[in-house]
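Everything below concerns the one structure shown next.
The values are calculated or read from the model by the stated rules, or taken from the named source; none is laboratory data. This one's a predicted model, so the numbers in the text were calculated from it and none came from an experiment. Cβ placement follows ideal geometry from the backbone for every residue including glycine, while neighbour counts extend to all protein chains displayed.
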Amino acid sequence: MLIFDTTLRDGEQSPGCSMNLEEKLQVALVLEEMGVDIIEAGFPIASKGDFDAVQAVAATVKAARVAGLARATRRDIDRAAEALKGAAAPRIHTFISTSPLHMKFKLQMEPEAVHQAVVDSVSYARNLCDDVEWSPEDGTRTEHDFLCRCVESAIKAGAGTINIPDTVGYTIPEEFHALIAMLKNRVPNIDKAVISVHCHNDLGLGVANSLAAVQAGARQVECTVNGIGERAGNAAMEEVVMALRTRHDAMPYVTGVKTEMITKASHLVSAITGFSVQPNKAIVGANAFAHESGIHQDGMLKNAETYEIMTPESVGLSRSKLVMGKHSGRHAFKSKLEELGFTLAENEIQGAFVRFKDLADAKKDVYDEDIIALVDDAVLRHNDRLRFVSLQVVCGSKGPQTAELEMEIDGRPCAAKAAGNGPVDATFAAISQLFPHEASLQLYQVHAVTQGTDAQAEVTVRLEEAGKTVNGQGADHDTLVASARAYINALNKLLVKREKTAPSVMSA
Ligand code: KIV
Ligand code: ZN
């Protein structure tokens, strides 16, 4: 069973979710290490940022195939081929809408012209790349005769993978199973292609529909880490993979994904995008392996299988979460990082170790989650132009609340003091004094990494400037310091965005 991860393309199309090149590379490397078969790295024609990211992922990733998305035009396909030039195993993924609704209103094309575009685009792409995937957008609302005709022609024109998207998350498992079975029965050359599925989650059925399709003969599933994606998202990779692993008795298909890396990938994607995972989310939610009720705890102590259908270790969670304290040395810290799956350069380890020591001084028990948050925080910002140095806040019921902030801007130290409507407002006002900008705050979110009053805070700040949104993250045992770090991180990302030209943003 092939796993096609589209976190970097469809996932990045989630409103408010954007990743810079460095972040995309980080995610791509984790996906490669996890054993994902195909990584869809972006939509090269959409912007220079997307093109650069696909090019960088293509040049870096060696063990996975790298795909770039293209509409059914020569310009799109040329751009995708250009971005994928350095890939060890490139794939052009081209698509066009085939449902009556999309053809009439979105494309304003007659079915004959759409069919011709399928043949032309796939043949054109195939001349540039040996591996071509074709998708009929809004496939689940496409008339069956027309769908069969387009699929047959796409295969004849050279597509090796036929991906059936449930673009609007409309189908239901039984219906989708029947659709895939229908294609297998009616398209004469279907055995020459791999059938893939791409399910959106508007009705919460993305994973169920994908698995129903697998049972009908699909052999590639398109999915994203944490299920991020357009609107309600895509089928969640961790759910698809763990369902196949856990219910191998009912679905005897094997993926190459190292499930022990699921937690790390999930955490990285949520730290980068600022999309935190709901506590009761399957597989990667904070409560997914927590047993609260006395009856459950009692059963678990007698035999874990009473209430646990998969082990925490199988998704990369360790049972003993208490890790270290202030007496732990650099060597122990380094081993812990390795155990958690981090491969860092020496200077990154040193930076993270300094932060760890500060944290261990302030907090008695340091847990795996603390270390993960701290490393994400330290590693995600080594190219930043704006840097947090220190913060002193006066707050409480007798205002005014004030913040004294020290920062470095392009290596130059600077300081400011500001008052505000509360300590967070005062902190953000101090940042704005030092680095004036027009961006508006869209989201401010605080999440406790572990339990207890000394837990580290992980803060997400979303800023919007001229239609561009970025998410910044910060972690610290002091919520206000974490807030300042998150705001500064978001400003750094805006600076990167400003430097890039994004002529048109489009979605698929
Ligand atoms: O949802 C969709 O239809 C897509 C296609 C481009 C595959 O993302
Ligand atoms: Zn999609």
Hey, Thr263 outside any loop (DSSP other than H, G, I, E, B), among the hydroxyl-bearing types (Ser, Thr, Tyr) and at pLDDT 80 or above or not: yes
Specify which of the listed residues (Ala56, Ala64) is more than 15 Å from Val225 (Cβ to Cβ) and at pLDDT 95 or above. Ala56
So, Glu238, is that one acidic (Asp, Glu), away from ligand 2 (no atom under 13 Å from the Cβ) and either surrounded by 23 or more Cβ atoms within 10 Å (Cβ to Cβ) or not in a loop (DSSP other than H, G, I, E, B) (or both) or not? yes
Examine region 219-232 for a residue that is part of a helix (DSSP H, G or I), within 16 Å of ligand 1 (Cβ to nearest atom) and not aliphatic (A, V, I, L, M), and state whether such a residue exists. yes
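Listed here are the residues, each with its yes/no results for (1) within 14 Å of ligand 1 (Cβ to nearest atom); (2) assigned by TED's automatic domain parsing to the domain that holds His198; (3) modelled with pLDDT of 95 or more; (4) not in a helix (DSSP H, G or I).
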residue: Ala80; (1), (2), (3), (4): yes, yes, yes, no
residue: Ala87; (1), (2), (3), (4): no, yes, yes, yes
residue: Ile92; (1), (2), (3), (4): yes, yes, yes, yes
residue: Ile96; (1), (2), (3), (4): yes, yes, yes, yes
residue: Lys106; (1), (2), (3), (4): yes, yes, yes, no
residue: Glu112; (1), (2), (3), (4): no, yes, yes, no
residue: His115; (1), (2), (3), (4): no, yes, yes, no
residue: Tyr124; (1), (2), (3), (4): no, yes, yes, no
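Go through region 133-165 and give me each residue that's within 30 Å of the chain's Cα centre (by Cα), part of a helix (DSSP H, G or I) and under 25 Å from Ala64 (Cβ atoms). Full working, then the answer.
Step one: list which residues in region 133-165 are within 30 Å of the chain's Cα centre (by Cα), which gives 133-142, 151, 154, 159-165.
Of the ones still in play, those that are also part of a helix (DSSP H, G or I) are 139-141, 151, 154.
Correct list: Gly139, Ala154.
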Candidates Ala419, Ala403, Ala439, Ala457 - the one that is touching a residue at least 60 places away in the same chain (Cβ under 8 Å) and in contact with a helix residue (DSSP H, G or I) (Cβ under 7 Å, 6 or more places away or on another chain): Ala403
Assuming Asp10 fulfils every condition listed in (1) within 18 Å of Asn492 (Cβ to Cβ); (2) crowded, with 24+ Cβ neighbours inside 10 Å; (3) within 15 Å of ligand 2 (Cβ to nearest atom) apart from one, which condition is it? (1)
Out of Gly42, Gly16, I need the residue that is under 23 Å from Lys468 (Cα atoms) and touching a Ser or Thr at 6+ places or on another chain (Cβ under 9 Å). Which one? Gly16
Of all residues in region 228-265, which are touching a strand residue (DSSP E or B) at 6+ places or on another chain (Cβ under 8 Å) and without any contact (Cβ under 8 Å) to a residue 40 or more places away in the chain? Ala235
Single unsatisfied condition, Asp130 versus (1) part of a helix (DSSP H, G or I); (2) over 24 Å from the mean Cα position of the chain (by Cα): (1)
Strands (runs of 3 or more DSSP E) completely within region 411-493 that count 3 or more residues being modelled with pLDDT of 95 or more and not hydroxyl-bearing (Ser, Thr, Tyr): 412-420
For region 107-165, how many residues are small (Gly, Ala, Ser), crowded, with 23+ Cβ neighbours inside 10 Å and either more than 16 Å from ligand 2 (Cβ to nearest atom) or over 18 Å from Arg186 (Cα atoms) (or both)? 4
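Quick grid of which residues meet (1) near ligand 2 (Cβ under 10 Å from one of its atoms); (2) closer than 22 Å to Gly68 by Cα; (3) surrounded by 24 or more Cβ atoms within 10 Å (Cβ to Cβ); (4) among the aliphatic types (A, V, I, L, M):
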residue: Leu203; (1), (2), (3), (4): no, no, no, yes
residue: Val225; (1), (2), (3), (4): no, yes, yes, yes
residue: Arg231; (1), (2), (3), (4): yes, yes, no, no
residue: Asn234; (1), (2), (3), (4): yes, yes, yes, no
